[in-house]
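The values are calculated or read from the model by the stated rules, or taken from the named source; none is laboratory data. All of these numbers come straight from a predicted model, not from anything done at the bench. Ideal geometry is used to build each Cβ from the backbone, glycine not excepted, and the neighbour counts take in all protein chains shown.
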Amino acid sequence: MSPVSLRFLATVSALALASPAFAQEAPPQEETPNDEIVVTAQRDNQTQVIRSGNAGVLGDKPAEDLPFSIKSYNAALILNQQPQTLGQVLENDPSIRTTYGFGNAAEQFVIRGFTLFGDDIGLDGLYGLAPRQLIAPELYDQVQVLNGASAFLNGAAPGGSGQGGSVNLIPKRAGDNPLTRVTANYTSSGHVGGSFDMSRRFADGAIGVRINGAGREGDVAIDDEFRSTYVLGGALDYRGTDVRLSLDLAYQRVQVRHLRPKVTIASATIPKVPEADHNYGQSFSYTTLRDIFGMVKGEWDIADNAMLYASFGARDGSEDGIYDGITVTDALTGAGTGNALYVPRTDNNEAAQVGLRVKLASGGISHEINFGGSYVWQVNRNAYDFRYGPDFAGYATNLYDTPDIALPSSSLVGGDLNDPFPISRTRLGSVFASDTLGFWNDRILLTAGLRLQTIVAKGYAATDDPANGIVARDLTTEYDEDAITPVIGLVVKPVDHVSLFANRIEGLAQGPSAPIDPTVINQGEIFAPYKSTQYEIGGKLGFGRFNASLALFQTTQPNAYAAPDPENPGFQRFGVYGEQRNRGIEFSVDGQPVDGLRIIAGASLNDAELRKTAGGVNEGNTAVGVPDYLVNANVEWDTPFLPGATLTGRFVQTGKQQVNAANTLEIPSWTRFDLGARYVALVGQMPLTLRFNVDNVANKRYWASAFDSFNAALLQGTPRTFKLSASIDL
């Protein structure tokens with residue numbers, strides 16, 4: 001273990017030893033029988049789905065009152081399943097699959113067949129504040145998933161993704177009960193660490209303080225892949241009669257060395273999947289991510305029926321890494337070429353939102369009126385150093401028998417590698433208004449709203465271009481467009497515990513610019529923001545201990561490409577000509593059908609079709625990387641024969657996926673089983689929870705994802721992974 005790990009664990013131990021003094025702030029309590037302590041600890045540790053969440057400008061709502069599909073995964077699930085990334089949390093969702101982004105460890109998510117970049121994950125309702133690429137889940141109390149477009153609810157995502165759904169993280173804050181928890185954990189093949197979590201409320205519960213952190217590092221189950229993560233978060237909140245305030249601050253540092261990358265396919269067939277733990281990446285690759293971020297939030301009840309709210313946050317992020325990739329040219333032998341890219345990057349983001357929510361009623365009709373505005377500022381500084389070797393040929397490598405290659409020499413450098421300057425500046429502003437009308441004692445809820453969104457983006461030259469009179473740092477592109485995104489949604493509750501819903505809502509992304517290409521007649525032309533259109537109907541059942549939902553949706557998104565220009569023979573005109581239409585059915589269920597047995601399960605069917613393609617080629621084909629079906633089932637059973645023990649199991653199945661737009665390459669469906677157990681024991685009347693999980697029990701080798709926006713590329717599933725942890729509540 002490194003000196004940093006030893007110092008972190010020593011700090012955790014010191015905090016644990018000091019916790020009795022901190023706990024004196026809580027009033028003394030009568031001694032509780034041991035069996036009751038075990039039952040309480042086991043109950044508080046239950047993995048759950050919460051059928052509610054933050055619906056953007058509509059506020060926190062139970063799912064039954066929303067005309068959208070929404071759910072949240074709780075902190076107990078994160079603690080029990082021991083995920084190391086946000087993507088491993090979202091493996092529980094039957095409508096989401098995780099892949100990698102641009103040749104590095106950047107997680108991105110496929111929701112309803114559309115990508116959600118890690119850059120576009122929300123933090124308590126604000127964009128641009130959560131760390132990009134990789135997010136450690138230990139700092140968060142809930143991971144909320146809203147299926148479907150959300151341009152009205154949340155505004156346009158700065159990265160331009162999220163047309164099929166959004167993810168929102170809720171930071172941990174002090175609860176009503178005191179908490180002092182210390183955890184130690186291990187992940188194969190040599191990844192160790194620990195965490196602490198402490199919270200208290202003071203001044204008769206008005207003031208809350210919560211501090212939590214985690215540190216872990218070492219090799220994971222993939223050969224020679226090293227990961228380290230250190231996070232620290234603090235929250236201070238105030239609950240007054242009419243005013244509620246909160247401050248959240250966090251630090252995250254993640255490093256990955258010798259990452260196993262995605263595999264680009266340049267062969268006529270799909271190569272056989274390598275051994276489950278084989279690493280075909282290069283030892284020179286690494287990425288180091290550091291983020292400091294936080295937000296302040298306030299709510300003021302200016303009247304019994306009116307609330308003014310505001311939030312502001314910022315993130316300072318830095319990245320440094322050498323990323324490598326492999327392109328397979330011979331599927332039989334695994335022979336191929338490799339490449340490398342060095343990128344230093346920093347981000348400075350701010351985001352703000354303010355609004356007013358008013359509730360009125362007259363003539364048997366209720367109103368919940370929302371109006372306000374939001375703004376996002378982002379500055380990205382980066383540079384690049386392509387290291388392909390002479391003539392961009394790349395170095396020789398092999399998928400199955402991978403040689404260790406020295407870092408190639410530079411092929412192309414852009415920007416200042418030692419002090420990156422701004423490459424892009426983005427500003428997204430919006431104003432919104434909505435009204436939710438309630439009829440029949442709010443058994444019928446009709447929501448209608450509009451958001452006016454402006455998108456301003458500026459791009460700067462990374463290098464000199466004497467032929468066009470451009471000097472590095474010069475402003476080369478400027479985008480200034482706006483769009484109105486409406487929403488209409490209906491909820492009908494015909495009987496208790498049943499909620500039927502329908503919606504029409506739009507997604508929004510920055511429109512494209514015509515490429516700088518001598519064959520393109522309108523090069524540089526800027527297009528209005530993309531709008532995707534979603535229609536959805538469904539129903540929800542909520543019986544307290546048992547919940548279920550069913551949704552049918554269709555989303556249509558435009559695409560841009562260059563096509564022959566009939567007025568200028570020999571030239572092309574770039575435009576928004578294409579279209580992708582995704583249809584599907586989603587079903588999910590969760591709850592405790594009988595005492596001691598808990599289920600989180602679901603399935604989705606997807607039909608993602610390419611429409612209006614260039615020259616009609618590939619028209620009607622299935623979109624790349626969208627599985628035709630997804631199935632998830634997570635089960636927990638509190639054993640009656642051994643009090644305090646819980647057995648767990650998870651089943652994940654993903655349907656076949658197309659690898660290229662021509663649909664000539666395909667990866668088959670795959671299935672994975674995970675098993676686990678946990679046990680609550682007492683140490684001096686303090687509950688100690690022991691956990692043991694095995695992911696991918698059969699050590700199955702499989703291509704997990706073919707989703708890629710630029711190349712025919714595959715991501716391999718993780719090998720068998722053992723996880724152990726022990727938590728004690730002091």
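Where strands (runs of 3 or more DSSP E) fall wholly inside region 657-715, the ranges with 2 or more residues that are within 23 Å of VAL624 (Cβ to Cβ) and among the hydrophobic types (A, V, I, L, M, F, W, C) are 703-705.
To keep it simple, each residue is scored yes or no on (1) more than 23 Å from the chain's Cα centre (by Cα); (2) assigned to a loop (DSSP other than H, G, I, E, B); (3) free of Cβ contacts under 8 Å to residues at least 24 places away in the same chain.
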site	(1), (2), (3)
PRO566	yes, yes, yes
PHE574	yes, no, no
GLY578	yes, no, no
LEU610	yes, no, no
ALA633	no, no, no
TRP637	yes, no, no
ARG650	no, no, no
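Being in contact (Cβ under 8 Å) with a residue 40 or more places away in the chain, closer than 22 Å to ASN92 by Cα and crowded, with 16+ Cβ neighbours inside 10 Å is a property that holds for ALA704. As a summary of the residue check, GLY162 satisfies the conditions (1) closer than 24 Å to LEU79 by Cβ; (2) in contact with a helix residue (DSSP H, G or I) (Cβ under 7 Å, 6 or more places away or on another chain) except for the one numbered (1). Does GLY644 satisfy the condition of being modelled with pLDDT under 95, of a type outside the set (D, E, K, R) and in contact with a Phe, Trp or Tyr (Cβ under 7 Å, 6 or more places away or on another chain)? Answer is yes for this residue. Against the numbered list (1) more than 29 Å from ASP277 (Cα to Cα); (2) in contact with a Gly (Cβ under 8 Å, 6 or more places away or on another chain); (3) touching a residue at least 60 places away in the same chain (Cβ under 8 Å); (4) not hydrophobic (A, V, I, L, M, F, W, C), ASN398 comes up short only at (1). None of VAL652, VAL659, VAL694 is of a type in the set (A, V, I, L, M) and either out of contact with any strand residue (DSSP E or B) (no Cβ under 7 Å at 6 or more places or on another chain) or surrounded by fewer than 20 Cβ atoms within 10 Å (Cβ to Cβ) (or both) except VAL694.
Test ALA266 against the stated conditions and say whether it is among the hydrophobic types (A, V, I, L, M, F, W, C) and either at pLDDT below 95 or more than 30 Å from VAL697 (Cβ to Cβ) (or both). In short, yes.
Counted as qualifying within region 378-473 are the strands (runs of 3 or more DSSP E) with 2 or more residues that are modelled with pLDDT under 95 and hydroxyl-bearing (Ser, Thr, Tyr), namely 422-439.
Taking the listed residues GLY584, GLY615, GLY625, GLY596, the one that is more than 22 Å from VAL110 (Cα to Cα), touching a Phe, Trp or Tyr at 6+ places or on another chain (Cβ under 8 Å), touching a residue at least 40 places away in the same chain (Cβ under 8 Å) and of a type in the set (Gly, Ala, Ser) is GLY596, with no other qualifying. Filtered by the rule that a residue be in a strand (DSSP E or B) and under 16 Å from PRO719 (Cβ atoms), region 252-275 gives a lone residue, VAL263.
What do you reckon, is GLY165 modelled with pLDDT of 95 or more and under 30 Å from LEU341 (Cβ atoms)? It is true that GLY165 is modelled with pLDDT of 95 or more and under 30 Å from LEU341 (Cβ atoms).
Condition check ((1) buried (at least 23 other Cβ atoms within 10 Å of the Cβ); (2) under 18 Å from VAL49 (Cα atoms); (3) in contact with a Leu (Cβ under 9 Å, 6 or more places away or on another chain); (4) among the aromatic types (Phe, Trp, Tyr)) across all residues:
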{"position": "GLN81", "(1), (2), (3), (4)": "yes, yes, no, no"}
{"position": "ASP93", "(1), (2), (3), (4)": "yes, yes, yes, no"}
{"position": "ASN104", "(1), (2), (3), (4)": "yes, no, yes, no"}
{"position": "VAL110", "(1), (2), (3), (4)": "yes, no, yes, no"}
{"position": "LEU116", "(1), (2), (3), (4)": "yes, no, no, no"}
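May I ask you to list the residues in region 284-341 that are crowded, with 20+ Cβ neighbours inside 10 Å, over 27 Å from the mean Cα position of the chain (by Cα) and part of a strand (DSSP E or B)? Listed by number, the residues that qualify are VAL328, GLY336, GLY338, ASN339. Whether a residue is under 23 Å from GLU275 (Cα atoms), part of a strand (DSSP E or B) and in contact (Cβ under 8 Å) with a residue 40 or more places away in the chain was assessed, and GLY373 does not pass this test.
Residues that are in contact with a helix residue (DSSP H, G or I) (Cβ under 9 Å, 6 or more places away or on another chain) and not basic (Lys, Arg) were ranked within region 434-465; the one that is nearest to LYS531 (Cα to Cα) is GLN453. Given the structure, is SER513 in contact with a helix residue (DSSP H, G or I) (Cβ under 7 Å, 6 or more places away or on another chain) and polar (S, T, N, Q)? In short, no. Checked against the criterion of being within 17 Å of SER725 (Cα to Cα), surrounded by fewer than 19 Cβ atoms within 10 Å (Cβ to Cβ) and touching a residue at least 40 places away in the same chain (Cβ under 8 Å), region 188-211 contains one or more residues that satisfy it.
Quick one: would you say ARG672 is under 19 Å from ILE78 (Cβ atoms) and either in contact with an Asp or Glu (Cβ under 7 Å, 6 or more places away or on another chain) or in contact (Cβ under 8 Å) with a residue 12 or more places away in the chain (or both)? Spelling it out, it is not the case that ARG672 is under 19 Å from ILE78 (Cβ atoms) and either in contact with an Asp or Glu (Cβ under 7 Å, 6 or more places away or on another chain) or in contact (Cβ under 8 Å) with a residue 12 or more places away in the chain (or both). The residues in region 123-143 that are in contact with a Gly (Cβ under 8 Å, 6 or more places away or on another chain), within 28 Å of ALA502 (Cβ to Cβ) and crowded, with 24+ Cβ neighbours inside 10 Å can be counted, and the count is 2.
Of the helices (runs of 4 or more DSSP H) lying entirely inside region 1-103, those containing at least 1 residues that are more than 28 Å from GLN353 (Cα to Cα) and at pLDDT 80 or above are 34-44, 75-81, 86-90.
Listed by first and then second residue, the pairs with beta-carbon distance under 7 Å, at least 6 apart or on different chains, first residue in region 484-502 and closer than 13 Å to GLY542 by Cβ, second at pLDDT below 95 and among the hydrophobic types (A, V, I, L, M, F, W, C), are HIS497/PHE543.
Based on this model, can you work out whether VAL589 counts as surrounded by 16 or more Cβ atoms within 10 Å (Cβ to Cβ) and outside any loop (DSSP other than H, G, I, E, B)? Judged against the criteria, VAL589 is a match. Checked against the criterion of being small (Gly, Ala, Ser), in contact with an Asp or Glu (Cβ under 8 Å, 6 or more places away or on another chain), surrounded by fewer than 17 Cβ atoms within 10 Å (Cβ to Cβ) and not in a strand (DSSP E or B), the candidates GLY620, GLY625, GLY615 yield just one match: GLY620. Would you say PRO408 is under 30 Å from TYR286 (Cβ atoms), free of Cβ contacts under 8 Å to residues at least 24 places away in the same chain and either of a type outside the set (Ser, Thr, Tyr) or buried (at least 16 other Cβ atoms within 10 Å of the Cβ) (or both)? Here the answer is no, as PRO408 does not meet what is asked.
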